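Everything below concerns the one structure shown next.
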Amino acid sequence: MAIALLGFLVASFVLSFIATGVATRVGNRLSAHDGQGVIGQVKAAIRTIPNTGGSGIAAAIVLTLAAAFLAAKVLAGSESVSSSVAELAASASQHATFIWSLIIGLVALHTLGVIDDRKPLHWLPKLLVMLVIPAALCLTTDSRVLTMLDARVGGSWLSILITTLWFAVVMNAMNFLDNMDGLASGLATIIGAALLVVAILNQQWFIAAGSACLVGATLGFMPHNFPKAKVFMGDGGSLIVGYMIAFLTVRLNFVESSADQPGWHQLFVPLVLLAVPLYDFASVVLLRLSQGKSPFVGDLQHFSHRMARRGMGTQGAVITIWALTAITCAGAIVMSRSTPWQGAIIITQTGAVLLLLAFLEHGLPEHKA
């Protein structure tokens with residue numbers, strides 16, 4: 001099975017690396033460069049760099065998933081393949097609705113992002129689409145969290161609402177963090193790798209394959225975007241990266257299949273996994289609201305910017321955020337196999353990481369230019 005999953009990762013990596021290179025050249029030829037954004041948006045100095053890189057990530061994920069599904073249809077039931085490949089093929093065949101619903105959602109969100117990258121849209125229609133697509137996914141695949149609430153509230157409506165909002169928050173969190181070279185793609189790679197490990201431990205091969213596709217796609221994009229960007233992923237990339245992460249966290253069991261009574265702490269595993277992106281999302285929204293600004297109009301108040309202004313520089317801030325995310329992701333992996341008291345320790349550790357972020361932001365003086 002490990003070889004099959006490695007094949008997903010490598011195939012996605014190669015496709016992403018090649019497709020991102022093509023997207024870069026096409027973007028330069030069409031002058032599809034990063035622009036000023038919507039009215040009122042504050043951005044760093046505009047660089048003549050195309051923001052078409054998300055097409056490379058999207059192509060890698062969609063083509064790898066589609067090719068894998070078609071191969072699974074051919075291999076399912078075949079006696080000439082190894083047992084691990086046959087098991088993965090059977091899993092893919094069983095999850096046909098999930099795969100095609102996921103792909104359709106990815107294509108729709110990528111299209112929205114590309115349109116926004118070319119001509120910035122008002123935040124309201126963007127948000128509506130970011131709610132409608134996950135809601136449709138919930139209904140078509142029954143991908144929901146907190147299904148235990150169904151009996152208490154008289155149906156699945158609350159679970160669908162919470163799941164839809166989770167998708168929107170994660171997509172916006174990853175979109176918010178696409179503000180420095182390599183930041184969003186590095187975070188997606190780290191989070192995707194953690195999801196891959198948990199999926200393997202829990203023997204959820206469909207989710208493991210999706211995680212491998214995500215890791216390969218973002219790794220393939222990285223050489224084009226870090227340490228000095230030749231292309232940006234744009235909304236066409238950040239939205240689908242967030243969508244993939246949200247989908248994987250919703251579908252993945254963060255507890256051993258053999259566990260009879262999962263502890264209360266298992267509910268917090270996705271929050272620990274995404275603690276750093278969620279910290280940025282919450283802090284930026286609160287800052288903008290306190291200043292009477294729209295939380296959906298971009299500025300330079302993300303904690304990556306705040307850390308850079310406190311002497312770390314952009315690359316220093318990016319690497320620090322990667323490291324902190326790796327810490328929380330490692331905790332989430334362990335937490336998915338922990339007892340309640342061990343989970344409480346990991347939650348405390350995650351809180352300490354966020355307090356460290358707050359100290360780095362507010363305890364250090366800003367460097368004046």
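Matching residues to (1) assigned to a helix (DSSP H, G or I); (2) touching a residue at least 24 places away in the same chain (Cβ under 8 Å); (3) within 14 Å of Pro277 (Cα to Cα):
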{"position": "Gly298", "(1), (2), (3)": "no, yes, no"}
{"position": "Ala330", "(1), (2), (3)": "yes, yes, no"}
{"position": "Gly343", "(1), (2), (3)": "yes, yes, no"}
{"position": "Thr348", "(1), (2), (3)": "yes, no, no"}
Looking at Leu149, Leu70, can you tell me which residue is under 28 Å from Ala23 (Cα atoms), aliphatic (A, V, I, L, M) and either at pLDDT below 85 or surrounded by 20 or more Cβ atoms within 10 Å (Cβ to Cβ) (or both)? Leu70
Could you please find all residues in the stretch 137-187 being among the aliphatic types (A, V, I, L, M) and touching a Cys at 6+ places or on another chain (Cβ under 6 Å)? Ile160
Determine whether the stretch 151-158 contains at least one residue that is touching an Asp or Glu at 6+ places or on another chain (Cβ under 6 Å), in the same structural domain as Trp100 (by TED's automatic domain parsing) and at negative phi. yes
Answer residue from the stretch 23-43, given it is out of contact with any Pro (no Cβ under 8 Å at 6 or more places or on another chain) and modelled with pLDDT under 70 and is nearest to Gly313 (Cα to Cα) among those: Val42
For residues that are of a type in the set (Gly, Ala, Ser) and buried (at least 21 other Cβ atoms within 10 Å of the Cβ), scanning just the stretch 305-320, find the one that is farthest from Gly182 (Cα to Cα). Ala308
Residue count for the stretch 286-303, restricted to those that are closer than 30 Å to Gly343 by Cβ and out of contact with any Asp or Glu (no Cβ under 7 Å at 6 or more places or on another chain): 1
In the stretch 199-209, which residues are over 19 Å from Met174 (Cβ atoms) and of a type in the set (A, V, I, L, M, F, W, C)? Ala199, Ile200, Leu201, Trp205, Phe206, Ala208, Ala209
Of all residues in the stretch 265-296 being in a loop (DSSP other than H, G, I, E, B) and within 21 Å of the chain's Cα centre (by Cα), which is modelled with the highest pLDDT? Leu274
If a residue has to be assigned to a loop (DSSP other than H, G, I, E, B) and touching a helix residue (DSSP H, G or I) at 6+ places or on another chain (Cβ under 8 Å) to count, how many in the stretch 114-143 make the cut? 2
Picked from the stretch 144-181 (must be of a type in the set (S, T, N, Q) and within 11 Å of the chain's Cα centre (by Cα)), the residue nearest to Ala246 (Cα to Cα) is Asn172
Among the listed residues Thr64, Thr111, identify the single one that is in a helix (DSSP H, G or I), assigned by TED's automatic domain parsing to the domain that holds Ala217, at pLDDT 70 or above and touching a Ser or Thr at 6+ places or on another chain (Cβ under 7 Å). Thr64
Just give me the residues in the stretch 144-180 being in contact (Cβ under 8 Å) with a residue 12 or more places away in the chain, among the small types (Gly, Ala, Ser) and either in contact with a Gly (Cβ under 6 Å, 6 or more places away or on another chain) or assigned to a helix (DSSP H, G or I) (or both), in sequence order. Ser159, Ala168, Ala173
What is the number of the single condition among (1) surrounded by fewer than 23 Cβ atoms within 10 Å (Cβ to Cβ); (2) aliphatic (A, V, I, L, M); (3) in a helix (DSSP H, G or I) that Ile207 does not meet? (1)
For the condition surrounded by fewer than 24 Cβ atoms within 10 Å (Cβ to Cβ), within 27 Å of Thr314 (Cβ to Cβ) and either charged (D, E, K, R) or touching a Gly at 6+ places or on another chain (Cβ under 9 Å) (or both), what is the one hit in Phe226, Phe221? Phe226
Counted residues in the stretch 317-350 being modelled with pLDDT of 85 or more and under 20 Å from Thr249 (Cβ atoms) come to 19
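The values are calculated or read from the model by the stated rules, or taken from the named source; none is laboratory data. Computed from a prediction, not measured in an experiment: that's the story for all the values here. Neighbour counts are summed over all protein chains in view; Cβ atoms, including those assigned to glycine, are modelled from backbone coordinates with ideal geometry.
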